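Peer 1: Pasting a structure below so you can have a look.
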Amino acid sequence: MSHRCRALLIAAPASGQGKTSFTAALTRRLRAQGRRVSLFKVGPDFLDPLLLSAASGTPVHSLDLWMGSEAEVRARLYAAAGASDLLLVEGMMGLFDGQPSAADLAERFGLQVLGLIDANALAQSFGAIALGLASYRPGLQFAGVAANRIASGWHAHLLRDSLPPAIRWLGGLSECVEGRLPERHLGLHPAAEVDAIESRLQALAAALTLDEGLFEALPEREFVAATLPPAPRSSQLRIAVARDAAFCFLYPANLELLQAAGAELRYFSPLAGDALPSCDAVWLPAGYPELHLSRLSARTDLWAALHAHVVAGRPLLAECGGFLCLLNRLQGAAMAGLLPGRAHISERLAGLGPLQVQLPEGRLRGHSFHHARAELGRAPIAWACDPAGAPTREPVYRLQRLTAGFMHFYFPSNPEAALALFQP
């Protein structure tokens, strides 16, 4: 079985080039033309998919050949191709950065590559960067190049004229103050926190100058079905999931896997004062608890309920920001105190990279990305390590059926092990 569909990867020479803004603007433009567009994000990022989801109105899945599997990526592309005119994939970091990289994914699945370059302070050198992107790996199918932060019509003329004849100019985004997306220490703000997100997205779409022949120039390619093992089943497992601005880093794939396994997800907002729902297990995902310390510190009722939950031997999974909330103190503010320790947020990055950990439930993959530094008064049950030998190592702690640490787990990497973390 197969589906035929056009597909385009938005890539850049580095992070911070404007891939998310450009992808969001392109999505809005194509949808205004009546195109059916499905969006994806390469790699483990949480923030960019939230903004792309605001642009598309649908969940945006991550595509990661290591964190998940080739079969999983193939299955997602196949399913989307059957309902779309175009698959639009935002790359990660620079086109060739990481193992596997966005270029690896593009080559594996035959995706056309659009090179996006931040043209601020560039003129003729724009062509040299474009040539490097297009020719560094001969196996890539390079659709052309676009620019971000175009200052004027004359600037666009200089950029276009700098390109070798073999590289197609596809247009780009003009400098757009009204559409600028705010950033903080982990990257772009989550879409729910961005003021006037809809008007910003509309401004970006209006600032986009696009080669109108781009869509027709993309060849259709065949996406073949992939066979995935059936999801493990769990009879009527009720999982309370914290979900608000402090706990917003949730892979759609993780939620879908739990639901496919038969779990009932009961969302609650610690920031809104919601009580812990009646449940068999609790999940405190990552997010930005450090930005909401006063409200979280005041939730002594919730912390008491979590204490009772853990003492009763019920499972609790706490990832990164959720883990920080279980310590005695975060940035000096009192937290739940389920784990003896304290943490503070540093200006410098404290953890970044892919991770793999062997737990009693099985081996799980994921990643870490945080500025927090924690000191705990207990030994970890395991260490999550970078498979490529990079120095990133993250402890994972266990207290009865509580599992906590900085690692963000990607449940499809081992569905049985992930589900076992929530089993009473």
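Peer 1: Say whether the condition of being of a type in the set (A, V, I, L, M), farther than 16 Å from A12 by Cβ and not in a loop (DSSP other than H, G, I, E, B) is met by at least one residue in the stretch 153-163.
Peer 2: Yes, the stretch 153-163 has at least one match.
Peer 1: May I ask you to list the residues in the stretch 70-99 that are touching a strand residue (DSSP E or B) at 6+ places or on another chain (Cβ under 6 Å) and closer than 16 Å to A226 by Cα?
Peer 2: V73, R76, L77, Y78, A80, A81, G82
Peer 1: Can you give me the number of residues within the stretch 231-258 that are under 21 Å from the mean Cα position of the chain (by Cα) and more than 12 Å from P415 (Cα to Cα)?
Peer 2: 12
Peer 1: Name the residue that is surrounded by the fewest Cβ atoms within 10 Å (Cβ to Cβ), counting only residues in the stretch 334-365 that are under 18 Å from the mean Cα position of the chain (by Cα) and on the phi < 0 side of the Ramachandran plot.
Peer 2: Among those residues, the one meeting the criterion is L349.
Peer 1: Of the residues in the stretch 346-392, how many are within 20 Å of S62 (Cα to Cα) and without any contact (Cβ under 8 Å) to a residue 24 or more places away in the chain?
Peer 2: The qualifying residues number 0.
Peer 1: Taking the condition of being under 25 Å from the mean Cα position of the chain (by Cα), buried (at least 19 other Cβ atoms within 10 Å of the Cβ) and not in a strand (DSSP E or B), how many residues in the stretch 101-151 meet it?
Peer 2: 9
Peer 1: Another question, if that's okay. Restricting attention to the stretch 380-398, report how many residues are at pLDDT below 95 and more than 24 Å from the chain's Cα centre (by Cα).
Peer 2: Filtering the stretch 380-398 for residues at pLDDT below 95 gives 386-393.
Filter once more, keeping what is more than 24 Å from the chain's Cα centre (by Cα): none.
Of the residues in the stretch 380-398, 0 are at pLDDT below 95 and more than 24 Å from the chain's Cα centre (by Cα).
Peer 1: When you scan the stretch 1-85 for strands (runs of 3 or more DSSP E) that lie fully inside it, which ones turn up with 2 or more residues that are surrounded by fewer than 18 Cβ atoms within 10 Å (Cβ to Cβ) and in contact (Cβ under 8 Å) with a residue 12 or more places away in the chain?
Peer 2: So the answer is 2-11.
Peer 1: Check the stretch 328-345 and report whether any residue there is closer than 20 Å to P44 by Cα and out of contact with any Asp or Glu (no Cβ under 6 Å at 6 or more places or on another chain).
Peer 2: Quick first cut of the stretch 328-345, residues closer than 20 Å to P44 by Cα only: none.
Checked against the condition, which is being closer than 20 Å to P44 by Cα and out of contact with any Asp or Glu (no Cβ under 6 Å at 6 or more places or on another chain), the stretch 328-345 yields no hits at all.
Peer 1: Among residues belonging to the stretch 222-245 that are among the charged types (D, E, K, R) and modelled with pLDDT of 90 or more, point out the one that is farthest from L316 (Cα to Cα).
Peer 2: Within the stretch 222-245, the match that is farthest from L316 (Cα to Cα) is E222.
Peer 1: Right, next: It is to be established whether one or more residues within the stretch 309-318 are within 28 Å of the chain's Cα centre (by Cα) and surrounded by fewer than 20 Cβ atoms within 10 Å (Cβ to Cβ).
Peer 2: no
Peer 1: How many of the residues making up the stretch 226-256 are out of contact with any Cys (no Cβ under 8 Å at 6 or more places or on another chain), within 19 Å of L296 (Cα to Cα) and without any contact (Cβ under 8 Å) to a residue 60 or more places away in the chain?
Peer 2: Matching residues across the stretch 226-256 total 4.
Peer 1: From the list A374, A379, A390, which residue is surrounded by 16 or more Cβ atoms within 10 Å (Cβ to Cβ), assigned by TED's automatic domain parsing to the domain that holds A281 and of a type in the set (A, V, I, L, M, F, W, C)?
Peer 2: The match here is A374.
Peer 1: Which is of a type in the set (K, R) and more than 22 Å from A388 (Cβ to Cβ), of R160, R108?
Peer 2: Criteria check complete, one pass: R160.
The values are calculated or read from the model by the stated rules, or taken from the named source; none is laboratory data. Values in this document were obtained by computation on a predicted structure and should not be read as measured data. Neighbour counts are summed over all protein chains in view; Cβ atoms, including those assigned to glycine, are modelled from backbone coordinates with ideal geometry.
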